[in-house]
Amino acid sequence: MKLLWTVEARNDLKAIYDYLLEVAGERIAAKLTASIVLSTVVLKTSAEVGQREELLLNRSQEFRYLVIGNYKVIYWVEKKLKTVHIASVFDCRQNPKKMKEIGK
(Lines give C-alpha, C1' and ligand atoms only; values in the text may rest on other atoms or scores of the structure.)
Protein backbone atom coordinates (compact mmCIF):
# COMPACT_ATOMS: atom_id res chain seq x y z
CA MET A 1 0.00 0.00 0.00
CA LYS A 2 1.02 3.60 -0.62
CA LEU A 3 0.60 6.30 2.01
CA LEU A 4 -0.87 9.58 0.87
CA TRP A 5 -1.05 12.51 3.29
CA THR A 6 -3.88 14.92 2.48
CA VAL A 7 -3.29 18.67 2.57
CA GLU A 8 -5.38 18.81 5.76
CA ALA A 9 -3.23 16.16 7.46
CA ARG A 10 0.01 17.87 6.43
CA ASN A 11 -1.35 21.18 7.75
CA ASP A 12 -2.33 19.48 11.03
CA LEU A 13 1.16 18.07 11.42
CA LYS A 14 2.74 21.46 10.69
CA ALA A 15 0.45 23.15 13.23
CA ILE A 16 1.46 20.58 15.86
CA TYR A 17 5.14 21.15 15.06
CA ASP A 18 4.77 24.95 15.16
CA TYR A 19 2.91 24.86 18.48
CA LEU A 20 5.43 22.52 20.10
CA LEU A 21 8.32 24.54 18.71
CA GLU A 22 6.96 27.57 20.54
CA VAL A 23 6.08 25.92 23.85
CA ALA A 24 8.54 23.04 24.13
CA GLY A 25 11.41 23.67 21.73
CA GLU A 26 12.73 22.29 18.47
CA ARG A 27 13.91 18.92 19.77
CA ILE A 28 10.53 17.95 21.22
CA ALA A 29 8.60 19.33 18.23
CA ALA A 30 10.75 17.34 15.81
CA LYS A 31 10.65 14.18 17.92
CA LEU A 32 6.87 14.12 18.31
CA THR A 33 6.04 14.95 14.71
CA ALA A 34 8.57 12.36 13.49
CA SER A 35 6.99 9.74 15.75
CA ILE A 36 3.55 10.57 14.33
CA VAL A 37 4.84 10.14 10.77
CA LEU A 38 6.75 6.93 11.59
CA SER A 39 3.68 5.42 13.25
CA THR A 40 1.88 5.48 9.90
CA VAL A 41 4.44 3.19 8.20
CA VAL A 42 2.65 0.14 9.66
CA LEU A 43 -0.34 1.05 7.49
CA LYS A 44 1.59 0.08 4.36
CA THR A 45 1.34 -3.58 5.33
CA SER A 46 -1.53 -3.60 7.85
CA ALA A 47 -3.95 -0.94 6.69
CA GLU A 48 -6.84 -2.08 8.85
CA VAL A 49 -4.88 -2.18 12.11
CA GLY A 50 -6.60 0.96 13.42
CA GLN A 51 -9.99 1.02 15.06
CA ARG A 52 -13.00 2.49 13.27
CA GLU A 53 -13.66 6.12 14.16
CA GLU A 54 -17.10 6.19 15.75
CA LEU A 55 -17.63 9.90 15.11
CA LEU A 56 -17.19 9.43 11.36
CA LEU A 57 -19.31 6.32 10.78
CA ASN A 58 -21.80 8.25 8.64
CA ARG A 59 -19.20 8.89 5.90
CA SER A 60 -18.83 7.00 2.64
CA GLN A 61 -15.23 6.10 3.55
CA GLU A 62 -14.51 3.88 6.51
CA PHE A 63 -12.35 6.11 8.69
CA ARG A 64 -9.96 4.43 11.10
CA TYR A 65 -7.38 5.80 13.51
CA LEU A 66 -4.09 5.18 15.26
CA VAL A 67 -3.35 6.78 18.63
CA ILE A 68 0.05 8.37 19.17
CA GLY A 69 0.25 10.17 22.50
CA ASN A 70 -2.51 12.79 22.57
CA TYR A 71 -3.12 12.52 18.82
CA LYS A 72 -5.26 10.41 16.52
CA VAL A 73 -3.98 9.80 13.01
CA ILE A 74 -7.25 9.45 11.10
CA TYR A 75 -7.13 7.62 7.79
CA TRP A 76 -9.13 5.67 5.23
CA VAL A 77 -8.14 2.95 2.79
CA GLU A 78 -8.78 2.97 -0.94
CA LYS A 79 -8.34 -0.74 -1.69
CA LYS A 80 -8.65 -0.53 -5.49
CA LEU A 81 -5.75 1.93 -5.68
CA LYS A 82 -3.89 0.24 -2.81
CA THR A 83 -3.62 3.59 -1.06
CA VAL A 84 -3.99 4.67 2.57
CA HIS A 85 -5.13 8.29 2.81
CA ILE A 86 -4.03 10.06 6.00
CA ALA A 87 -6.96 12.45 6.45
CA SER A 88 -6.03 14.28 9.64
CA VAL A 89 -3.92 14.35 12.78
CA PHE A 90 -6.41 15.20 15.49
CA ASP A 91 -5.45 16.44 18.95
CA CYS A 92 -7.64 14.39 21.31
CA ARG A 93 -7.63 17.22 23.84
CA GLN A 94 -9.93 19.20 21.52
CA ASN A 95 -13.70 19.02 21.48
CA PRO A 96 -14.52 15.75 19.67
CA LYS A 97 -17.24 17.53 17.70
CA LYS A 98 -14.47 19.22 15.69
CA MET A 99 -13.63 15.81 14.27
CA LYS A 100 -16.84 15.86 12.23
CA GLU A 101 -15.23 18.46 9.95
CA ILE A 102 -12.54 16.02 8.80
CA GLY A 103 -12.62 15.20 5.11
CA LYS A 104 -15.51 17.49 4.19
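The values are calculated or read from the model by the stated rules, or taken from the named source; none is laboratory data. Bear in mind the structure is a predicted one, so any value in this text is a computation, not a measurement. Counting neighbours? That spans all protein chains shown, and the Cβs are built from the backbone with ideal geometry, glycine included.
Residue 35 fulfils the conditions (1) among the hydroxyl-bearing types (Ser, Thr, Tyr); (2) over 16 Å from the mean Cα position of the chain (by Cα); (3) at pLDDT 95 or above except for a single criterion, (2).
Output the residue which, of all residues in region 63-97 that are within 14 Å of the chain's Cα centre (by Cα) and charged (D, E, K, R), is nearest to residue 3 (Cα to Cα).
The first filter runs over region 63-97 and keeps only residues within 14 Å of the chain's Cα centre (by Cα), leaving 63-77, 84-92.
Still in the list and also charged (D, E, K, R): 64, 72, 91.
Numbers: 64: 14, 72: 16, 91: 21 Å.
The selected residue is 64.
Within region 4-41, the set of residues being free of Cβ contacts under 8 Å to residues at least 12 places away in the same chain, charged (D, E, K, R) and closer than 15 Å to residue 85 by Cα comprises just one member, 10. Looking at the structure I just gave you, is residue 74 at pLDDT below 95, touching an Asp or Glu at 6+ places or on another chain (Cβ under 9 Å) and among the β-branched types (Val, Ile, Thr)? No: the conditions fail for residue 74. Here the condition is being modelled with pLDDT under 95 and either within 19 Å of residue 6 (Cα to Cα) or loosely packed, with under 13 Cβ neighbours inside 10 Å (or both); of 57, 43, it holds for 57 alone. Of the residues that make up region 9-24, is at least one within 25 Å of residue 95 (Cβ to Cβ), hydroxyl-bearing (Ser, Thr, Tyr) and out of contact with any helix residue (DSSP H, G or I) (no Cβ under 9 Å at 6 or more places or on another chain)? No: region 9-24 contains no residue that is within 25 Å of residue 95 (Cβ to Cβ), hydroxyl-bearing (Ser, Thr, Tyr) and out of contact with any helix residue (DSSP H, G or I) (no Cβ under 9 Å at 6 or more places or on another chain). Residues in region 4-28 that are more than 15 Å from residue 74 (Cα to Cα) and either among the basic types (Lys, Arg) or part of a loop (DSSP other than H, G, I, E, B) (or both): 14, 24, 25, 27.
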